[in-house]
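Here's the structure, in structure tokens; my notes come after.
The values are calculated or read from the model by the stated rules, or taken from the named source; none is laboratory data. This one's a predicted model, so the numbers in the text were calculated from it and none came from an experiment. Heads up, the Cβs are rebuilt from the backbone with ideal geometry, glycines too, and the neighbour counts pull from every protein chain shown.
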Amino acid sequence: MNRNSEAQIPYSRPLLGKEEEEAVLKVLRSGWLTTGTQALEFEKEFTRFISDVESAGAGMTPAGADVESAGSDPERAESRPAPVSSVASSSVAVSSAALSSVALSSATAGLHLGLAALELPEGSEILLSPYTFAASANAVLYNRLKPRFVDCAPGGYHLDPDRAEALLASRWRSRKVRGLMSVHFAGYEHRGDDIEDICRNAGIELVEDAAHSFPARQPGGSRRNETQPAMQGGPRPGIQPGIPGGIQGSRGRFGVYSFYANKTITTGEGGMLISRDEALLERVKRLRLHGISREVWSRYTTPGRGWEYDVVLPGFKYNLPDILAAIGRVQLKRADEFLLKRRRIAARYARAFAGRDWCSLPPGAEDLLELGDDSLMETGQAGGGEFTHSWHIYSLRLRLDKLSIGRDEFIARLAEKGIGSSVHFIPLHLMSYYGKSLGLKPGDFPNALESYQSSISLPIFPSLSGEETERIIEEALKIGDTFYRGI
């Protein structure tokens, strides 16, 4: 068969089946389409999932099977311990409390409302990497705060903690920096222990854009030995010491996940905010639906004056409807299954590209080289890289000095062979709005710029077949080897 006549391999493809279809039909037949029982149950089941992950700790035991049985058995679900529902204002009380979840229309909504709930002074600066999607910085701007970009480390995709610490040391007297947004690019937490320490010692908020991460776990053992002196009045409430094997996104005051169509689990559009801070969670719940004092479902099911409500603060329209929540509940049961499928593909890519001089592997991929036999990876007990990367994105880095073609031509040649690919991300300081409004130039963040210019995102999704994976590898190797200059 002529390869050009073969089916196109898209960059991404959701994995949905009969169970999701039936869940949606059940909602349609119920007559209640907006936020109701499905959204409430999705929140409960999501909280149970991340709590089970945290309880498993360093053992990193998959939580999916437990959630499936609890979600399908109401009696068992009711018998499970409820999350802690009262949180004092002290840092110890907040940090030791149980996690809880709020379903929202997107991860962007979660970032917006989470920052709003912190009630930081107008004009406060939030540190974040420019190597992220626009939502990260937009959420800062929505709250009349200022994004303060910090470059990546050389060859990396994440905010460089050392640069952040140096910037804090130079600016702390003005007390303008009030927070750091850690973006877990591709579903990988980079030096999370160090970032946690820096925020705690500087007395600033840590918030986590973990849109790519679910259901990846926190790695362990990377914390620095020394602790720097506090800069802004001591530890900040709500920073949770990292738990090896705990869910990514649970260190800071809040974390957010995305359920967009290309994420590990999807609701089409949707997101979830998690936190241990009950006051923050309650404020986010109010803000997500116009600041109304009572949820729609609560009003609908209240006899008598169910129509009555109060607006306690000006809110937004960020609620997750039941149709989408129903899809999420089904997908949640398979979260770790989907993660393992992505991990299998990432391992195949890692083994294929590891020996090529014209490219380098993404962060976390070196760990997968130890795995070898794909069959071991089905069990989740195969050693290196265990669950600590969601593999939402597989970003292959081209060594352009070793190739006679550029990144864009590499992508075009893959497309000629029917293979979709993408680029993640165009650094925000290259976007016209941020460049003009923040007074930034293309060369201000050279490491982010270099990462952007040399990276290509290969297809990686649970329904990608072994045959499709091998075809992607074969064509990418052909292109790279053909144009390798061997300098």
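Evaluated against (1) polar (S, T, N, Q); (2) without any contact (Cβ under 8 Å) to a residue 40 or more places away in the chain; (3) surrounded by 14 or more Cβ atoms within 10 Å (Cβ to Cβ), Ser454 falls short on exactly one condition, (2).
Where helices (runs of 4 or more DSSP H) fall entirely within the range 270-345, those with at least 2 residues that are at pLDDT 90 or above are at 278-287, 322-332. Just wondering, is there one or more residues in the range 417-436 that are in a strand (DSSP E or B), modelled with pLDDT of 95 or more, hydrophobic (A, V, I, L, M, F, W, C) and over 24 Å from the mean Cα position of the chain (by Cα)? Checked the range 417-436: at least one residue is in a strand (DSSP E or B), modelled with pLDDT of 95 or more, hydrophobic (A, V, I, L, M, F, W, C) and over 24 Å from the mean Cα position of the chain (by Cα). When Thr227, Thr267 are checked against the criterion of being modelled with pLDDT of 95 or more, more than 21 Å from Leu128 (Cα to Cα) and among the hydroxyl-bearing types (Ser, Thr, Tyr), Thr267 stands alone in meeting it. In the set (1) in a strand (DSSP E or B); (2) within 27 Å of Leu398 (Cα to Cα), the condition left unmet by Asp162 is number (1).
For the range 266-276, the candidate set comprises residues that are within 21 Å of Phe461 (Cα to Cα) and among the β-branched types (Val, Ile, Thr); within that set, the residue that is surrounded by the most Cβ atoms within 10 Å (Cβ to Cβ) is Thr267. For the range 247-265, which positions are assigned to a loop (DSSP other than H, G, I, E, B) and surrounded by 24 or more Cβ atoms within 10 Å (Cβ to Cβ)? Of everything in the range 247-265, those that are assigned to a loop (DSSP other than H, G, I, E, B) and surrounded by 24 or more Cβ atoms within 10 Å (Cβ to Cβ) turn out to be Gln248, Gly249, Arg251, Gly252, Arg253, Phe259, Lys263, Thr264, Ile265. Here Ser174 fulfils each of the conditions (1) over 27 Å from Pro321 (Cα atoms); (2) modelled with pLDDT of 95 or more apart from (2).
Residues to consider are Gly439, Gly443; find the one that is at positive phi and without any contact (Cβ under 8 Å) to a residue 12 or more places away in the chain.
Criteria check complete, one pass: Gly439.
Might you let me know whether the range 399-410 holds any residue that is farther than 17 Å from Asp481 by Cβ, part of a helix (DSSP H, G or I) and modelled with pLDDT of 95 or more? Checked the range 399-410: at least one residue is farther than 17 Å from Asp481 by Cβ, part of a helix (DSSP H, G or I) and modelled with pLDDT of 95 or more.
Residues checked against (1) of a type in the set (A, V, I, L, M, F, W, C); (2) assigned by TED's automatic domain parsing to the domain that holds Pro154; (3) more than 23 Å from Pro154 (Cα to Cα):
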{"position": "Phe410", "(1), (2), (3)": "yes, no, no"}
{"position": "Ser421", "(1), (2), (3)": "no, no, yes"}
{"position": "Phe425", "(1), (2), (3)": "yes, no, no"}
{"position": "Gly443", "(1), (2), (3)": "no, no, no"}
{"position": "Ile460", "(1), (2), (3)": "yes, no, yes"}
{"position": "Leu477", "(1), (2), (3)": "yes, no, yes"}
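Let's see how each residue does on (1) touching a Leu at 6+ places or on another chain (Cβ under 9 Å); (2) at pLDDT 95 or above; (3) outside any loop (DSSP other than H, G, I, E, B); (4) surrounded by fewer than 24 Cβ atoms within 10 Å (Cβ to Cβ):
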site: Ser86; (1), (2), (3), (4): no, no, no, yes
site: Val92; (1), (2), (3), (4): no, no, yes, yes
site: Val102; (1), (2), (3), (4): yes, yes, yes, no
site: Gly110; (1), (2), (3), (4): yes, yes, yes, no
site: Ala117; (1), (2), (3), (4): yes, yes, yes, yes
site: Gly123; (1), (2), (3), (4): yes, yes, no, yes
site: Ile126; (1), (2), (3), (4): yes, yes, yes, no
site: Tyr131; (1), (2), (3), (4): yes, yes, no, no
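Gln218: at pLDDT below 95 and under 23 Å from Phe259 (Cα atoms), yes or no? Answer is yes for this residue.
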